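Okay, so here's the structure we're looking at.
The values are calculated or read from the model by the stated rules, or taken from the named source; none is laboratory data. Quick caveat: nothing in here was measured; it's all calculated off a predicted structure. Quick reminder, even Gly has a Cβ in these numbers, built from the backbone with ideal geometry, and neighbours come from all protein chains shown.
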């Protein structure tokens, strides 16, 4: 899926994340470093709704069911500013990062189509 912003400038940040994404391939943005326009504030409510419908993580010890997740990989094209949603893939964390449930290729629920369509996720 290709996601493209329908509203220009709807998320602003206090630093240049485009360069950071090009250089590091990721960016961590704290809540106080970005702001949303009124359209995205409403879309955030939809995201919170989808957040309440996460899938069980079926890879916990002793068949525990306390963790809920969904997972997706995206690729950002800085040259076109498109966000590409990759097909569902497995999720892996090393045992160094996750001593409780690491070392397992997990097939987690993919993000819901409704989540992928939320403008908040497309910017």
>> Among the residues of the stretch 17-52, what is the count of those that are modelled with pLDDT under 80 and assigned to a loop (DSSP other than H, G, I, E, B)?
In response: 0
> Which members of the stretch 75-89 meet the condition of being touching a helix residue (DSSP H, G or I) at 6+ places or on another chain (Cβ under 9 Å) and either surrounded by 14 or more Cβ atoms within 10 Å (Cβ to Cβ) or assigned to a helix (DSSP H, G or I) (or both)?
Replying inline: 76, 83, 85
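Quick test for you: out of 53, 62, pick the one residue that is closer than 20 Å to residue 105 by Cβ and either touching a helix residue (DSSP H, G or I) at 6+ places or on another chain (Cβ under 7 Å) or loosely packed, with under 13 Cβ neighbours inside 10 Å (or both). Walk me through how you get there before you give the answer.
Working: 53 fails: closer than 20 Å to residue 105 by Cβ.
Criteria check complete, one pass: 62.
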> Does residue 92 qualify as being exposed (fewer than 13 other Cβ atoms within 10 Å of the Cβ), under 30 Å from residue 39 (Cα atoms) and at pLDDT 85 or above?
Replying inline: no
